[in-house]
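The values are calculated or read from the model by the stated rules, or taken from the named source; none is laboratory data. Small disclaimer: the values here were computed from a predicted structure and weren't measured. Here the Cβ positions follow ideal geometry from the backbone for every residue, glycine too, while neighbour counts run over all protein chains shown.
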Amino acid sequence: MLLLCALASIVVVNCMYYLLFSKFSLLKQKISTNKETYPVSLIVCAKNEAENLRKNIPLYLAQKYPDFELILINDTSTDDTLDVMEKFLENDPRIHIVNIQSNETFWGNKKYALTLGIKKAKNKRILFTDADCYPASKDWLSEMVSHLSEEKQLVLGYGPYEYKPGLLNTLIRFETVMTAIQYFSYAAAKNPYMGVGRNLAYTSQLYYTNNGFMSHIKTPSGDDDLFVNEAATKDNTALCFSENAFTYSKPKTTWSSWILQKRRHITTASLYKPQHKTALGLYFITNLLFWLLAGASFIFARWELAIAMTTFRFLIQYIVIGSSIRKLKEKGLLVFLPILDLFLLLIQLSIFISNSHSKPKHWN
C-alpha cells in the first residue's frame, strides 16, 4: 500500500507540472496591434559557417521589413566565412561585418563576439539567430520584433530542428519541443527562465541595463539562456510562437555530437536562479520516480490500481503535451510520447552522471 501511495503522490506532482504546461498549450498567440515599424538590427554570429551563410544570408535579406540592418559577426573562423560575408556586403548596404581576429585576446568566446556585434548595432531593437538557422518565412523578422515595446523588452521565439528519418532526429526534436514547452509555459505563468539564441529578440536597453553577459562571462556558453534567466521578468517578456516566426536548424547527425551539445547545455542550467533550478530539478526527479515506482507497483502491489494511476497520468500528458506539440508543428512525436519521454529521461540521467565525474574545459 505504501508503494501505491508513493506512486499516487508522484502522479499528483507530475500532473501539477502538466497543469503548469497547460499555460502554454491553452495560450493563443497574441497578434500585435502595433503597426509602427521601428528600425531593427538583425545579428548573426558565425564560426566556420561559410556554406550555411551562402544559403541563409539571402533569406535574412529577403525579410519583408522596411528598415533593418544585418550585422554579420565572423567569430575567428578558419574557413571562407569572412569571404562569404564580404561578397554579400558588396551588393547590399544593409550588411555590416564585425570581424573577430583569432589573435585577439578575448574573454568570452561567442559572448565577446556578440558583445561587439551589439555595440555595432545602430538600432535599439535587436533580433538574434545563428548562422546555421533559417527563417520559416519572410515574415519572421516582422512577427518577432512586433512584440517588442516599451514594456516588452524581450521576446522568446521557437527554433525547431529539421525533420529527418531516424531515432536520433526524433529524439532531438522531442527534446527541443519539450524544452520549448517548458520555457514558454514558465514565461506564460509570469516566471520566465530561459530562451534560445536561435530565435531571440531584445532591446539594447535591456542588454546594457543588465551589463550584458558580464555575470557569466567566464562560462563558455549561455549567451542566450543565462542572459534571459537574469534579465527576463514577468512584465518585460513576450512570446512569439507563430509558425511563420520559427527558425529552422539542421540537427546533429551523430549521437556523440548531440550528447556533447546537451552536456554543455546542462552546465549552464546549473547557473540558473535557485527557484528555477529547484523547479526544473523537481520535474526531472519526479519524472524519474514515476517510472521507477510504476514499474515496482506493477510487480509488488495491486497492478490494477497501478494501471489506473499511470493511465490517468499518461492521459493528462497526452492532452497537454500533445496540444503543445501540435501547436509547434512537430510531426511524428505524439504517437511515441511515453517512449520518448522515458528515453530522453535516461539520456539526461546519463549526462548528469557523466558531467558530475568530468566537465570538459573547452566545448567545440
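Working only within the stretch 260-293, note down all residues that are farther than 18 Å from TYR193 by Cα, surrounded by fewer than 18 Cβ atoms within 10 Å (Cβ to Cβ) and hydrophobic (A, V, I, L, M, F, W, C).
Of everything in the stretch 260-293, those that are farther than 18 Å from TYR193 by Cα, surrounded by fewer than 18 Cβ atoms within 10 Å (Cβ to Cβ) and hydrophobic (A, V, I, L, M, F, W, C) turn out to be LEU260, ILE285, LEU288, LEU289, TRP291, LEU292.
Condition check ((1) out of contact with any strand residue (DSSP E or B) (no Cβ under 8 Å at 6 or more places or on another chain); (2) more than 30 Å from ASN236 (Cβ to Cβ)) across all residues:
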residue	(1), (2)
ASN52	no, yes
TYR60	no, no
THR76	no, yes
ILE97	no, yes
LYS119	yes, no
THR129	no, no
HIS147	no, no
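Looking only at the stretch 114-150, which residues are under 19 Å from GLU36 (Cβ atoms), at pLDDT 95 or above and of a type in the set (Asp, Glu)?
Correct list: ASP139, GLU143.
Among strands (runs of 3 or more DSSP E) lying entirely in the stretch 174-256, which contain 1 or more residues that are over 22 Å from GLY332 (Cα atoms) and touching a residue at least 60 places away in the same chain (Cβ under 8 Å)?
On the way: elements: 200-203, 237-239, 247-249.
In the stretch 174-256, 200-203, 237-239 are the strands (runs of 3 or more DSSP E) which contain 1 or more residues that are over 22 Å from GLY332 (Cα atoms) and touching a residue at least 60 places away in the same chain (Cβ under 8 Å).
Per-residue answers, yes or no, for (1) over 22 Å from the mean Cα position of the chain (by Cα); (2) not charged (D, E, K, R):
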{"site": "LYS23", "(1), (2)": "no, no"}
{"site": "GLU49", "(1), (2)": "no, no"}
{"site": "ASN56", "(1), (2)": "no, yes"}
{"site": "ARG94", "(1), (2)": "yes, no"}
{"site": "ASN99", "(1), (2)": "yes, yes"}
{"site": "GLY117", "(1), (2)": "no, yes"}
{"site": "ARG125", "(1), (2)": "no, no"}
{"site": "ALA131", "(1), (2)": "no, yes"}
{"site": "PRO135", "(1), (2)": "no, yes"}
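Does the stretch 263-295 hold any residues that are hydrophobic (A, V, I, L, M, F, W, C) and either touching a residue at least 60 places away in the same chain (Cβ under 8 Å) or within 15 Å of ASP225 (Cβ to Cβ) (or both), and which are they? Explain how you work it out, then say what you get.
Initial filter on the stretch 263-295 (hydrophobic (A, V, I, L, M, F, W, C)): 266, 269, 271, 279-280, 282, 284-285, 288-294.
Passing the criteria: ILE266, ALA269, LEU271, ALA279, LEU280, LEU282, PHE284, LEU288, LEU289, PHE290, LEU293, ALA294.
Please verify whether ALA232 is modelled with pLDDT of 95 or more, farther than 24 Å from LEU53 by Cβ and touching a Pro at 6+ places or on another chain (Cβ under 7 Å), treating the condition exactly as stated.
Values: modelled with pLDDT of 95 or more: yes; farther than 24 Å from LEU53 by Cβ: yes; touching a Pro at 6+ places or on another chain (Cβ under 7 Å): yes.
In short, yes.
Looking at GLU162, GLU69, GLU86, GLU143, which one is farther than 28 Å from ALA279 by Cβ, buried (at least 23 other Cβ atoms within 10 Å of the Cβ) and of a type in the set (D, E, K, R)? Can you show your working first?
On the way: GLU162 fails: buried (at least 23 other Cβ atoms within 10 Å of the Cβ); GLU69 fails: buried (at least 23 other Cβ atoms within 10 Å of the Cβ); GLU86 fails: buried (at least 23 other Cβ atoms within 10 Å of the Cβ).
Answer to the check: GLU143.
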